Amino acid sequence: MGTSAERGSAGPMLAPMAQRVLVVEDEEDIAFPLVRTLEREGYDVTWVDSGQKALDTLASSPELVILDLGLPDIDGLEVCRRAREAGFEGAIMIVTARAGELDRVVGLDYGADDYLAKPFGLAELQARVRALLRRTSATTTTAVDDSRPDGLRIDVDARRVYAGEEEVPLTGKEFEVLNILAANRDKVVSRGRLMADVWDENWYGSTKTLDVTIGRLRQKLESVGVTDRVVAVRGVGFRLEGGSSDA
Ligand code: CA
C-alpha cells in the first residue's frame, strides 16, 4: 500500500551488462508479474510506485521507463514531461488503463516513445520492450548527412539532429523516422516500411501513430526554421525534400 518497493540490483541472476528498466506502477497486482517477466528476460528492473520516486530514480539513467499514467501523486504524463525536460534520454513507454484517452495522449507531445493500453498481455509487452530497446541501443549505420550546412545535420551515432547550430529535440521515434527519410532523401518511403522499421515488425496497431509522429516531427523542424520538408504522398508514404539544395 503506502510502502514503496524498490527492487533493483538485488536480483540474483543479473547479467553483467543487463539493460535497466524502471517500472513505474502503483498497483502491485500489475507491477509484480511485470517485474518478474522483465527480470526473467534478463533486465535489471527497478520498481517504484509513485511519480516522485520515478523522477528521483531517473538520475540512474535507465534505458527504459515503463510508465503508468494513473499514479497516486503526479500524473504519469506530467512525469513524462518533467523527465524529458530534465534531459532524460532513455525510452519511455506509457501504459494506461485510460484506453479511451490513448488517442488523445498519443496526439500530445509528452516525449514518450511508445504506448500500450491496459490490460496488455505480457508477451506483447515483452515484444514491445525488446523492440524499443533494440531501437534505442542500436547503432544505426546510415550515413551522416552533413553536406547541408544550412539544412539538417543528423548525427546518427549520437542520435541527435541539428539545424545549423541548433539541436532539434526529437523523441526516439521522431529521430528514427527522420533518419530513414533522410537516408532516402527525395524518395518516397512507404508507410509500411516506416511502421516496420520504426515501430516493430509485429506492430499491427493503427498507423495513426505514424501520422502523429510525422506531425510532431514537421512541427519541430519548422519551429527551428529547417527548410527540408516531410511531404506526404497520399496513399503511399512520405518523402523528405530538401529546401536547401537539389541533389
Ligand atoms: Ca495506476
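What to note about this one:
- The residue that is surrounded by the most Cβ atoms within 10 Å (Cβ to Cβ), among those in the range 49-63 that are within 13 Å of the ligand (Cβ to nearest atom) and farther than 20 Å from D114 by Cβ, is D49.
- Conditions (1) within 18 Å of A131 (Cβ to Cβ); (2) away from the ligand (no atom under 16 Å from the Cβ); number of the one not met by I66: (2)
- Number of residues in the range 56-69 that are over 17 Å from the mean Cα position of the chain (by Cα) and at pLDDT 90 or above: the value is 2.
- Failed item, numbered, when D73 is tested on (1) touching a helix residue (DSSP H, G or I) at 6+ places or on another chain (Cβ under 7 Å); (2) surrounded by 18 or more Cβ atoms within 10 Å (Cβ to Cβ): (2)
- Residue selected from the range 70-100 under the condition modelled with pLDDT under 85 and within 13 Å of the ligand (Cβ to nearest atom), by the criterion farthest from V212 (Cα to Cα): A97
- Residue match in the range 178-197 (condition: modelled with pLDDT of 85 or more, closer than 21 Å to R81 by Cα, touching a Leu at 6+ places or on another chain (Cβ under 6 Å) and assigned to a helix (DSSP H, G or I)): no
- Residues located in the range 21-38, provided they are surrounded by fewer than 19 Cβ atoms within 10 Å (Cβ to Cβ), away from the ligand (no atom under 16 Å from the Cβ) and in contact (Cβ under 8 Å) with a residue 12 or more places away in the chain: T37
- Among the conditions (1) of a type in the set (S, T, N, Q); (2) surrounded by fewer than 19 Cβ atoms within 10 Å (Cβ to Cβ); (3) more than 15 Å from the ligand (Cβ to nearest atom), T46 misses just one, which is (2).
The values are calculated or read from the model by the stated rules, or taken from the named source; none is laboratory data. Nothing here was measured: the structure is a model prediction, and the numbers come from that model. Methodologically, a virtual Cβ is constructed for each residue, glycine included, from the backbone with ideal geometry; neighbour enumeration extends over all protein chains shown.
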